[in-house]
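Working notes, structure below.
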Ligand SMILES: Cc1cc2nc3c(=O)[nH]c(=O)nc-3n(C[C@H](O)[C@H](O)[C@H](O)COP(=O)(O)OP(=O)(O)OC[C@H]3O[C@@H](n4cnc5c(N)ncnc54)[C@H](O)[C@@H]3O)c2cc1C
């Protein structure tokens, strides 16, 4: 049966120069940069706070921030969090979470042969896995930053479609508590994390093809969540971990108790857990647990029935994992499930830009003439193909990967940029997302100012503007001694494998 929605007149709820759709790390960077560069900016978010997976998804983290590579909004946000006492202090992070890279380097090469920068700093790959913070304070800070910059934020506003005239976007259609409305704008930035705007616009997108190569070709990437457990005796748990290095001395831990529980029929799918205290900003007994996973296989992650199945299935796993921890791990005696996330990691669609970034580019540490940001996050394809490697070098992100090749006024940032499925495994992380957000927002504002569409924007003007705002736009501008640690670590060929990888190494490079 074919059903048609009857056409109806829509009220215009708001109009702006730049519409940013989605307030995760990418949307935060985009909205702030757009408004600060003079564009009337509106930020649309379906939940009641900004932060995306950092707040609604329980992941208050920026991974591998390196001030030699990352500048601008990310550094400013960390400074504001630090000033408010809402940032985890590095010296309080237990040794098993500080990142083992420094000790690996010292043991493999000796103190005399490792780059001085590694010994003198705790950033990038040789610091902690990430900088963590108080997610509730972060929500307040983000509201403050948006207000200070003059961004109009609308919560409870779900973008459902686009308004398109010929080949250009004229705005978006939203569902709000006051009904279905139109929002008009000259440039639209897709920071939904799922590429919904790009997909609805009819622009060429990646995503429908699923996993492009290997044993699981054509299947869709799975998903995972993290949940918080409260009421943990912090010191008791830390002491337990320190005294059990075999099972608890690394990020993935608890293999023995998980195995035993599974043998007795516990509903747990993973073979190890992440039980991180790094997110316990105040050492008050909150543990971040990652473990529930779900395979979509043949159904796309945007199938609402399948997504519902995933949520229900992972909730069952949460309680099974919690039971195992409570019954077996010292410190968890009085623990409780404190908070599960509002949504899991989702792979949707990504724009096809004039350039598609691949793992090959990342491995080469490639520089581009039109670079607007630097990434140092390796492709996290542990869940996807069974391996994670320190195999890349810091590399450029070209502006061409942020603009749709089909729609001249459609930009993307974060998880939605033009990159292969394996490359996006690193580029979607919070640090590069906020950086690509800042680049896209700046580009949008400049295109309004200079009266050209983003696709025709003068990239030199964009790069100069970003530089003035503290961004390091290309690896070509980074002193060699700052890059040296990455070169040394890459040369060690550190690849961690969970299972025999599903995709041959040389194939990974192509996506
Ligand atoms: C369990 C887990 C562990 C992780 N670990 C790390 C880690 O250690 N380090 C790290 O850096 N990253 C980690 N990540 C990944 C990281 O959180 C994401 O890659 C990052 O948040 C992506 O940013 P984004 O802005 O592209 O998308 P998102 O964070 O997903 O933000 C998208 C925003 O758009 C909004 N939105 C979506 N659709 C619409 C719509 N139609 N209308 C209005 N609003 C909409 C969403 O509500 C959300 O606020 C982890 C994620 C998970 C789930």
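Structure data summary
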read-out	value
In degrees, nearest ten, helix 304-328 long axis to first principal axis of the chain (Cα)	20
Within the chain, helix-based [θ] at 222 nm, where runs of 4 or more DSSP H residues each add -39,500 (n - 2.57), nearest 500	-9500 deg cm²/dmol
Overall form of the stretch 196-236 per C-alpha gyration tensor (a/c, 1.5; a/b vs b/c)	oblate
Protection-proxy order for peptides 343-356, 77-90, each taking the mean of Cβ atoms within 10 Å per residue, highest first	343-356, 77-90
Distance between the stretch 203-267 and the stretch 164-193 - C-alpha centres, whole angstrom	37
Between the stretch 276-308 and the stretch 2-52, the alpha-carbon center distance in angstrom	26
Fewest-first sequence of 104, 93 by Cβ atoms within 10 Å of each Cβ	104, 93
Sorted by Cβ neighbour density within 10 Å, fewest at the top, the residues 121, 442, 431	121, 431, 442
Folded to 0 to 90 degrees: helix 25-36 orientation relative to the chain principal axis, Cα	40
Kirkwood Rh in Å, taken over all unlike Cα pairs in the chain	23.3
Fraction of antiparallel bridges per DSSP, the chain only, in percent to nearest 5	70
Ranked list, fewest to most other Cβ atoms within 10 Å of each Cβ, for 45, 76, 506	506, 76, 45
Inter-label distance for residue 255 and residue 492, nm, one decimal - labels placed 7 Å from Cα along Cα-to-Cβ	1.9
Principal-axis tilt of helix 480-491 within the chain, Cα atoms, nearest 10 degrees	60
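Each value in this text was obtained by applying a stated rule to the coordinates, not by laboratory testing. It should be emphasised that the depicted structure is a prediction, and the values quoted were computed from it without experimental measurement. All Cβ positions, even for glycine, are placed from backbone atoms using ideal geometry, and neighbour counts span all protein chains on display.
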